[in-house]
Amino acid sequence: MRGASLTRRGWTLVTVAVVLPVLGRVLGLRELTSLGLTALFLCGASILLVAYGPVELEAVRRVVPNRVHAGSPCRVDLHVRNVGIRRSPVVTARDPFDGGRRWARFRLAPLRPGEGCTAAYRVPSDRRGLFNLGPLQVVRTDPLGLVARSADLAEQDSLTVYPRIDRIAALPHTRGADPRGGSVTQPSFGPSGEEFHALRPYVMGDDMRRVHWKSSARTEDLLIRQDELPWQGRATVVVDLRASVHDEASFEAAMSAAGSIATACLSAGIELRLVGTDGVDTEHGVGRGHLDRVLERLAAWEPDPDPEHELVRTLSGVALAKDSSLATITTGRAGPAAIDTAARARRGRRGAVVVVFDDRLMGSAPAPTGTTVVRCAGQNGFAAAWTAAVGPVKVTA
Amino acid sequence: MSTLAPPRSPGVSPAPASQPTPVPAWRRLPWRSPEAKAAPRDDLATFCAFLISLAVALSLGRLFRGTTWLPYGVAAAVLGHVLAWGLRRLGAGLTVASVASPLFSLLVALELVFPQATTYGIPTPFTVQVMGQALTDAQSAFRTAVAPVVPAPGFLVAAVVGVCMCAFLADWAAFRMRTSFEACAPGLALFVFAAALGAKSHRGIAVAAFAAAALVFLIVQRANLDGTQTAWFGGRDRGALPSLLATGAVLGAVAVLGALVVAPRVPGATSKPMLSFKKGAGGSGTGNRSTVSPLVDIQTRLRQYANVDVFTVRSDRPAYWRLTSLDQFNGTIWSSNERYAATRGQLGRDDGGPGAPGGGALVQEVTVSGLSSIWLPGAYRPTAVDGVTGLSYSPGSASLISKKDTSNGLTYTITSEVQNLDPEALRRAPPSVPGRSGLEEDLRRYTSIGGEVTARVRQLASRIGDGQTTPYGKALAIQEHLRSNRFTYSLSAPAGHSGNALDRFLFVTRTGYCEQFAGSYALLARLMGLPARVAVGFQPGAQADGTFAVKDKDAHAWPEVYLEGVGWTAFEPTPSAGNPQAQSYTGVPYTPAAPAGPDSATPATVAPAAPAPGEATPDPSGGAEAEAEAQADPTTGPAEDRWAGLVGAVRAAAPYLAALAALAALAGGSAALVAWDRRSRRRQAGGSAEGRVHVAWEEAMQALATTGVRRRPAETVDELLRRLSLPAGGAALAGIERGTEAHEALRRLGAAVVQTAYTGRSAPARLAEAAEADRATVVGACRRSLRRGARLRSDLDPRPALARLRAGRSRRNRPAPLET
């Protein structure tokens, strides 16, 4: 526990305690001297009380759930218990959030020895990001709030808020002419159309039914049967992260759009690759684990201030399989040339989608053949614009 | 569950989100402010804020003499906070409160201080006039007053308004601005004011009371603010406030006791202040010293302190015990500006008189107990004083002052040369002429008049002096005019002796007491060219065993006229008062006051000397002013007058008694209506078992409604019972939660109602008896769940009875069905 220190109110009272006796001496009013001394003694007694009064509490924090989509509810449960042998004093508990920019604050009533108390509060999860919670601080003060002493009770926890996800259709034209699906080995075609491809280690989110138990028993590690779909599609999402082309709203909208496209593709069994103009590349992947990695990356991304990063260079650096769809997410500030490059990245083949926020700045040039341009005025209009341009969500029974 | 607040600067606690509370229709007032809120826990903090105002009001008592101020201060603190609290609870905005509070403070002050000048608490133009005069006097007296002073009406008004405003400002800061330390500032300001001007006594108690009240308020207010601005962990605040209060009590006790012990020992605590602003503090001898004119507080002494012992005089003869004389009149107030010199034993004289002709020496042993004045009383004219040191003497006014703040506690022997004047000798006294007057250059001082004097006052002086050729004749003529039956003695007259007040007294009201009579006399005398001044002191008082016991009711003022060759000569214009030393030449007899004890001997009335032929005939009627005062204040008079006093008190309290009677009648009427409703309901049941069960159910529902649990519209009996069986059904509010006897009784009662309503057969009598027993159980449980006040309100609530009456009337007015 840190040392006791005077609060702002305490310093004010100390000042008053010094001024009043001086005034009393000057004006000959012993009452002012007495009041000043009262204030001084009060501060002194409060310092002794707070500095030497024990606060024997322990606390546990639980974040439920610790990964949420923006806008979904998230709650924090705090349990505090008095582990001392005396009744605890009235203390203030403060649980910082988002690096201390925000906090939940409670007054904790006295607890009997061994007694515990649970409180909960809702964390604002309306904005994506990686957030820290805690450490939980308890502040002991005197009854007048003149002196304070704080201590940390519970350690830090983290909360990941994924971008908001809209339910949209997956990227079109991701399959057909690439039976190998971009793989190097030649699969042997089976009757069912699915082919055992490899065994790989288990990652969080894999279906337990696909565990290869014999191999797992041999290696003493969970191994998953990886089937390769010969007609499995591939999609690449390139996100323009440059701070020069984004404002706060458009950046959030871009993250949400990338998350929505990724979720739709991975839900449809399409291998997804996420590429940012800052050089981040998740490589192709599939499954819930890959989706979590993609969403976590989207949650962590911040506008990239590096002026050397360019969208055109990123697009040219992305080696596209010939039947892998490409979604490029940028804004109208990227300029017509960059958007045109993105539209022509498929070299005339179908399957290129360019999502442009703040479309008023992109001009009205017609899109090249085979390219779909989704023009969005803001984040809220993305789902509708995507549906209008790409097509509605396919509902399967 | 709480939600994180939006980003704020660190250290500022976020306000919790609150659900808007629906406002009842009766509270949707046009002047209601939406931001005005009254949290339930504010009530405790309001009470603690009241404690600060109470401590401040008590500390103001150091300004005033005695405890008369106490009820005014307490009433002002109570009413000020009640008004502020009420305005908050009604949702009045700051604008309304800012207007209402000063207005209410003034009304409270007027009603408390001038109850006789208001009409049922409503001020009239006369009230304003009286208050204006009182404030003017207080303003004049304030410049020279040294506490503790007699609480003159003007001071009382200012103090009551001050306390009320302090209460309002504290309430505003605490509950509208939601501050804690700042809310103590108004009280602290008034406390410092009282400390600066108040007496040195009771410092420790005042500081301890103020500090303790402030600490209690600060603790409660902090808990209150934290409770509203910060959520309690797990919604659990049990034991928080007692814990804070207990810890705060220990801290406060340490701090206050430590301060009280250490403060007197702080270096320089007892030295003189670096900056002295207290008038007259600690002065003696030749230093400058000012004090309030004793003429200002004379009405307060006569009315409020009538029976307070002031001093005793052991003397073989009665006399007017004189304090001082006031020689300057500025049109507003009679005052004095005398030079005092330290004296030891023998006292000089420079009044130009030749000496007392043949009166002899009068030795008085004076013991002052509660005079609360710097002057030492004694008969005119003192020549020697013994038994006390540190005195100063003014030969001009022939008055002695003590070096202390008051002469209380002094015992001394004073020797005076008393006058035994012959009217013939007085008649021979020539007019005072500059250059040939015994007063020499002081003659102008004693004949000048400051300020404006109305023409009719000058004409009156001229008319009175017509035909009088000697100064003595003129002096007697003024006395005769004022003692005539055109003037009435009354202590109810407003205080004051300014030019306007005296004009009003002489021509309009013609009602007053010694202040107006003496002031008018001196003014008229100066207008006639006679050197005159106003002497202030006490009448002889009641004599027993050779000792005159003087009380505040004996306070008196009388004029003195300077007659050449004789000196300052006292006259007596006040009806029902007589100077024992002046009977020979004023013709006014002295009537001794009744002794205090039943065994005391009644002194014989001293016969007045006959007036000389050809002179104005003094009014022989009248007695001691004390008796007239006793009529005004029944508590001071003899036993037979106390009944009259009681009647007067009852008459004064009539408006309040009437209001109380009206309230009692209202409550009685409501109780009668409720009882009638119950009887009527049972009578309508007609004695049938079905009717009795129905009445029992109705009464049970009515009892439930008083606890806030009401049967919803279209809710069947079964639905109601099912709802009340649920944990959140509200049964706990009424004390009939599931598992209790009352719950079972209500369930049985409901079943009985359903049975009697839906079975075709007539119900057995035992069902009705059981239903009535169940009703009693339910009603008892509901009553027990109510607080005492709510129980009383439910007993006296006439609304259900009125609703039944209205329902019955509408049924009667409904058109009859067509007969087929």
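Observations on the structure shown:
- In this label model, B:E741 and A:R112 are separated by 3.0 nm, measuring between points 7 Å along each Cα→Cβ vector.
- Averaging over all projection directions, the Cα-based convex hull of region A:49-168 occupies 7.6 nm² in the image plane.
- Considering only alpha-carbon pairs that sit under 8 angstrom and 6 or more positions apart, the relative contact order computed for region A:1-131 is 20 percent.
- Region B:661-810: mean projected area of Cα convex hull, nm²: 9.8 nm²
- Distance between the 7 Å Cα→Cβ label points at B:Y758 and A:S5: 7.3 nm.
- Cβ-based exposure ranking for B:H202, A:H290, in which fewest neighbours within 10 Å come first: B:H202, A:H290
- Net charge contributed by nearby residues that have their C-beta within less than 11 Å of A:R86 (K/R +1, D/E -1): +1
- The equivalent ellipsoid of region A:261-323 has semi-axes of 22, 16, 8 Å, largest first, where each one is the square root of 5 times an eigenvalue of the Cα gyration tensor.
- Solvent-free Debye calculation, one equal scatterer per alpha-carbon of region A:5-52: log10 I(q)/I(0) at 0.13, 0.24 Å⁻¹ equals -0.30, -0.76.
- For the cross-link pairs B:K272/B:K403; B:K272/B:K404; B:K200/B:K553; B:K200/B:K272; B:K200/B:K404, the ones whose C-alpha atoms lie over 18 Å apart are B:K200/B:K553.
- Vicinal HN-Hα couplings computed from phi for region B:468-478 (Karplus, 6.51 cos²θ - 1.76 cosθ + 1.60; Hz; Gly/Pro x): 9, 9, 10, x, 4, x, 5, 5, 5, 5, 5
- Förster-model FRET efficiency, 22 Å R0, A:L48 and B:R265, C-beta, rounded to 0.05: 0.50
- Working note: Cα gyration tensor of region B:384-514, eigenvalues times five, square-rooted, sorted largest first, giving semi-axes of 32, 24, 17 Å.
- Projected label distance in nm at A:L23 and B:R456, using a 7 Å step from Cα toward the beta-carbon: 5.2 nm
- Full-extension gain in nm, A:R75 to A:S216, via 0.36 nm per residue minus C-alpha separation: 47.0 nm
- The stretch between B:R788 and B:R766, if pulled fully straight at 0.36 nm per residue, gains 4.5 nm over its current Cα-Cα span.
No value in this document is a laboratory result; all are computed from the given coordinates. Values in this document were obtained by computation on a predicted structure and should not be read as measured data. So basically every Cβ, Gly included, is an ideal-geometry build from the backbone, and we count neighbours across all protein chains shown.
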